[in-house]
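See structure below.
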Amino acid sequence: MAVTAAVTRREPASHVLAIRDLNVAFRTDAGPVRVLRDVSVDIPRGAIVGIVGESGSGKSTLALTILGLLPGNAIVSSGSIGFGGHDLLGLSLAELQALRGTRISMVFQDPMTSLNPVRSVGAQMLDIQYRAEQSNARKRAIAANALKMVGMPDAERQLARYPHEFSGGMRQRIAIAMSLLQKPELLIADEPTTALDVTMEAQILHLLRELRTEINGSILFISHNLGAVAELCDSVVVLYAGEVIEQGPVGDIFARPLHPYTKALLECDPARIAVATRSLPTIKGDVPSLIDVPGGCIFASRCPVALPRCGSEHPESIQRSPSHSARCHLLSPSGGR
Amino acid sequence: MLIYAIQRIGLAILICLTSMVMLFTALKLIPGDPATIMLGSRASPEMKARITEELGLNDPIPVQLGTFIGRIVQGDLGTDMWSRRPVSWIVMENLPYTLILIAVGLGWAALLGIPLGCYSAIRRNTFIDKFTGVLSVGTISIPSFVVAIYLILLFAIELGWLPVIGAGEKGDWGDQARHLVMPSIALGLGWVGYLSRIVRASMLEVMGENHVRTARAFGLPELKIIRSYALRIAILPTITLLAVAIGGLLSSAVFVEAIFARPGIGKLIVDAANMRNFPVVQGGVLTTVALFALAMPISDFLIAWLDPRVRSTL
Amino acid sequence: MSVPLSDAVKPIAAGGLALLWRRIAGDPLGLLGLTLVLLVVLCGIFAPYIVPFDPFKISVPAKFQPPSLEHWMGTDNLGRDIFSRVIAGSRIVLSVGISTIAMALVIGLFLGLVAGYGPRWLDNLLMLVFDSIYSFPTVILGLTVATLLGASVATLMLVVVVVQTPAYARLTRTATLSIKTSEYVMAIRALGASPLRIIAVHILPNVIGPLLIIASMDIPSVVALEAGLTFLGLGIPPPAPSWGRILQEGYSTIREAPWIVVAGGIPLIITTLGFTFLGESLRDLLDPRLRRVV
């Protein structure tokens, strides 16, 4: 298929992925739930971009939309996802399948259930390589190599074993190895460490950092763990209730956060508590309904420094520096007016 | 692994034992002379006296139970007073026919039912799914002997395509196959529906699981996902449910064999029951008990073979 | 105030009939099932008044007549009107079916309570016996009993009761065990409530609903069992016009009078289908989480 061939060719471009004005909603009995609204994210080549947000912010939906893995009741109403000169949203299933696992790979959150329990690790890794026209022996060698790359000892022997014979951390390594088998340009890691304990998490983060130099690809790292993002990522996108409310280089975001939400989020980090206190800091209030999205700034109801106009006018994204921007009226030249 | 095997077979043996004890108890509880019951109505007083002596029917109960079980375990199922032959021989002559019937009946039911169930799960709420669903419920509930009779009416009597009676000429595979068509359909019809329902339910569950999502994320072809990532797992509870329902299969086999006058354990029991020939009934019943008691361990072994997680725990 | 066993039981207890009707009315198959069931039940109740002929009247000259305006389903080998026999048969089906299930319910309820409340060894013993019966091929069990006792209505009913009881006993036992060990019951026991009171006030109300639903779903298999055993010659003896009997007589003369087996099979199909569709529709009340597989 001509388009499939074109889709698997690799072309140079400054950004590996360009998401523009993405709008995604889910059909429910109560009405459409607008989980992503006008989301725009750029992923430069060779960069690690972090997406940060609390549960329900839309981070996983964003990840699934890229590869077209949304459930049946999802509606992508507008926007584009540019990859390799194509808009992923406009591709057919066959074209998407050609991309999946080859040029774009994904690692999921729960390693205990993400792998096929009745197939050996090696068999699954060969399954993934089904499009390659090499011998099975060669594919096994590639698989063993990938396992070595993620630090699995005695890689050849492990190919014959089954997922349940490995610990959670090991399974996540296997999942990462699988995603790197065909040398993708973009690896989407959807909360890869959330289900792991702190030690394993540290190992996985370390692994990802090492791999970025090896594989020469980009990583989209999704997490609610600010510390992990700070450690690993080059730039950060902050997602709140389906909107990108701030994005910028990791240093800027953490040292000079622009948006009140980002500031509040950072303050909630127990590691930042300077003065002994009885209760942990939180952000008061709840995420608003995404079925009846309120007008104005999406954070207004919980914002400690909200202005009157925040309740009625939806803020534009305002650039503070070429790479750092936030959606907040407080940043506009007119300020509080 | 060995312990697992022993456990499963042990359970089967326990069920067999319980059935034997219940059979024995039933025999003792029946009003009337045990000798008459066991020998059937044709027995003469001398035979009755002799059997009473032989089988120690006047011994204390525990001793009787012990000998009863002891004999069965050694393969002695008693003697048929009508033909003077050991019951175990009679059973062995008939058992293969029943096994073939069950295998073929269940075989084609699986060949039809499992894909139907898969298809219904993948294309749920389409016309085929709903139609299959209604058909399944319908065929499951209609008694197999009614199906058998109607099949005969249509294919044997009205159309004359297929033979009715017996299992066919020995050694003539074609003839035997022709004689198998209607009986196996009558036996398997309800099972197509049953299988498709449980496969559908199982598949729906498995298709929603994370590893299927991962497989899709790697672009694996849908057919491969269905085969190796979904069905391979969905089939496991199906096997267990089949083993549990094996009793129903044997019951249906009784009717089918009786109606088609096919040799087999079912027909054996029915004919003997009609003649109050208890030893043969007992032999047939115990064989049936053994068969379905074995179904559980066999299915367990099958699952262990298919599911590496179970293998690891052994 | 009794301890709720599960959320599913509450709708049954509280104004259940209205909910039942709404559930069935919205489901075409359930409605069909209900219609068929009503047809059979009404036939059974009013059988003596609606039979066009005496089901037992033998009239040899009229034998083997194919279906006609006079004899809607024709006549059998003894000249009896088959349609009348079929209608009369529905009475047998109803009476045998309902009485045996009722008996099995009572016995099962009792034994389940005993197993749940009694000593552990008794529970284990009862469960072993029940599991053995439960998985035993029912027809073969029926044949065995019939061999020992001879064919009669009593034998048949005994067989059905034996076959059906384990399921009801199991359900009762499970409910008893879970309610007995719930914190609420522990508390009132500490306050001096007797086991009898606990059973009467807390266990029984919770168990009746699910039991009745399961029992209603068992009707097709009981009907089929009775018909099957009679067909094999080991159930209800002649001349009672059980549908199984009609099928048996019809089968032996299937070449000369094929209409007889058709007549005998149709009411069986109607009954089993009707109760099954109805039962499927009602089953959601037992476990609303289970979306109908059909």
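The values are calculated or read from the model by the stated rules, or taken from the named source; none is laboratory data. This structure is a prediction, so every number in the text was calculated from the model and none was measured. Counting neighbours? That spans all protein chains shown, and the Cβs are built from the backbone with ideal geometry, glycine included. Calculation scope for accessible area: heavy atoms of the full protein, side chains included, ligands and nucleic acids excluded. Shrake-Rupley method; radii C 1.70, N 1.55, O 1.52, S 1.80 Å.
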> Name the residues in the range B:244-259 that are in contact with a Leu (Cβ under 9 Å, 6 or more places away or on another chain) and not small (G, A, S), would you?
Replying inline: B:I246, B:L249, B:L250, B:V254, B:F255, B:V256, B:E257
>> Can you tell me which condition B:S251 does not meet? The list is (1) of a type in the set (S, T, N, Q); (2) at the interface with chain C (Cβ under 8 Å from one of its Cβ atoms); (3) surrounded by fewer than 20 Cβ atoms within 10 Å (Cβ to Cβ), and all the others hold.
In response: (3)
>> Looking only at the range B:177-224, count every residue that is open to solvent by 10 Å² or more (accessible area, probe 1.4 Å), of a type in the set (S, T, Y) and away from chain A (no Cβ under 14 Å) and tell me the total.
In response: 1
> Which residues, taken from the range A:144-182, are within 14 Å of chain B (Cβ to nearest Cβ), open to solvent by 20 Å² or more (accessible area, probe 1.4 Å) and under 25 Å from A:L62 (Cβ atoms)?
Replying inline: A:R171, A:Q182
> Which ranges mark the strands (runs of 3 or more DSSP E) fully within the range A:33-117 that have 3 or more residues being open to solvent by 50 Å² or more (accessible area, probe 1.4 Å)?
Replying inline: A:33-44, A:74-83
>> I want to confirm something. Restricting to the range C:126-175 and keeping residues that are at the interface with chain B (Cβ under 7 Å from one of its Cβ atoms) and of a type in the set (G, A, S), which single residue is nearest to C:V114 (Cα to Cα)?
In response: C:S132
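Quick check: anything in the range B:93-110 in a helix (DSSP H, G or I), closer than 28 Å to B:G283 by Cβ and of a type in the set (F, W, Y)? Full working, then the answer.
Keep residues of the range B:93-110 that are in a helix (DSSP H, G or I), which gives B:93-110.
Keeping just the survivors that are closer than 28 Å to B:G283 by Cβ gives B:93-107.
Subset that is of a type in the set (F, W, Y): B:97.
Yes, because at least one residue in the range B:93-110 is in a helix (DSSP H, G or I), closer than 28 Å to B:G283 by Cβ and of a type in the set (F, W, Y).
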> Got at least one residue in the range B:259-278 being open to solvent by less than 30 Å² (accessible area, probe 1.4 Å), touching a helix residue (DSSP H, G or I) at 6+ places or on another chain (Cβ under 8 Å) and closer than 20 Å to B:L241 by Cβ?
Replying inline: no
> Of B:F131, B:F127, B:F155, which residue is farther than 21 Å from B:G248 by Cα, aromatic (F, W, Y) and within 11 Å of another protein chain (Cβ to nearest Cβ)?
Replying inline: B:F131
> Which residues, taken from the range B:270-290, are within 18 Å of C:F231 (Cα to Cα), over 21 Å from the mean Cα position of the chain (by Cα) and more than 7 Å from every other protein chain (Cβ to nearest Cβ)?
Replying inline: B:M275
> Inside the range B:5-19, can you point out the residues that are at the interface with chain C (Cβ under 10 Å from one of its Cβ atoms) and surrounded by 17 or more Cβ atoms within 10 Å (Cβ to Cβ)?
Replying inline: B:I15, B:C16, B:L17, B:T18, B:S19
>> Anything in the range B:229-248 that is open to solvent by less than 10 Å² (accessible area, probe 1.4 Å) and either acidic (D, E) or at the interface with chain C (Cβ under 8 Å from one of its Cβ atoms) (or both)? List them, or say none.
In response: B:G247
> Within the bounds of the range B:21-32, is there any residue that is farther than 23 Å from B:M296 by Cα, modelled with pLDDT under 75, open to solvent by less than 80 Å² (accessible area, probe 1.4 Å) and not in a helix (DSSP H, G or I)?
Replying inline: yes
> Residues in the range B:227-249: is at least one aromatic (F, W, Y), at pLDDT 90 or above and over 26 Å from B:A148 (Cβ atoms)?
Replying inline: yes
> What single numbered condition from (1) touching a residue at least 12 places away in the same chain (Cβ under 8 Å); (2) within 18 Å of A:D127 (Cα to Cα) fails to hold for B:L220?
Replying inline: (1)
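Do any helices (runs of 4 or more DSSP H) entirely within the range C:164-283 hold 3 or more residues that are crowded, with 17+ Cβ neighbours inside 10 Å, and if so, which? Working first, answer last.
Working: elements: C:183-190, C:195-198, C:204-231, C:243-252.
Where helices (runs of 4 or more DSSP H) fall fully within the range C:164-283 and carry at least 3 residues being crowded, with 17+ Cβ neighbours inside 10 Å, they are C:204-231, C:243-252.
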> Pairs under 7 Å by beta carbon, first residue outside any loop (DSSP other than H, G, I, E, B) in the range B:153-164, partner open to solvent by 50 Å² or more (accessible area, probe 1.4 Å), six or more apart or different chains?
Replying inline: B:F155/B:W161; B:I157/C:R255
>> Checking A:L91 against (1) more than 30 Å from A:D269 (Cα to Cα); (2) touching a His at 6+ places or on another chain (Cβ under 7 Å), only one condition comes out false. Which one?
In response: (2)
>> Residues that are away from chain B (no Cβ under 14 Å), within 24 Å of the chain's Cα centre (by Cα) and not β-branched (V, I, T): does the range C:66-84 have at least one?
In response: yes
> open to solvent by less than 20 Å² (accessible area, probe 1.4 Å) and within 14 Å of another protein chain (Cβ to nearest Cβ): does that describe B:G160?
Replying inline: no
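Okay, residues lined up against (1) open to solvent by less than 30 Å² (accessible area, probe 1.4 Å); (2) among the hydroxyl-bearing types (S, T, Y); (3) more than 21 Å from C:G250 (Cβ to Cβ); (4) outside any loop (DSSP other than H, G, I, E, B):
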residue	(1), (2), (3), (4)
C:V37	yes, no, yes, yes
C:L42	no, no, yes, yes
C:K57	no, no, no, no
C:S84	yes, yes, no, yes
C:A88	yes, no, no, yes
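Tell me yes or no: at least one residue of the range B:95-118 is over 30 Å from B:R276 (Cβ atoms) and within 11 Å of chain C (Cβ to nearest Cβ). Explain how you work it out, then say what you get.
Going residue by residue through the range B:95-118, those that are over 30 Å from B:R276 (Cβ atoms) are B:103-104, B:106-118.
Subsequent filtering for residues that are within 11 Å of chain C (Cβ to nearest Cβ) retains B:117.
Yes, some residue in the range B:95-118 is over 30 Å from B:R276 (Cβ atoms) and within 11 Å of chain C (Cβ to nearest Cβ).
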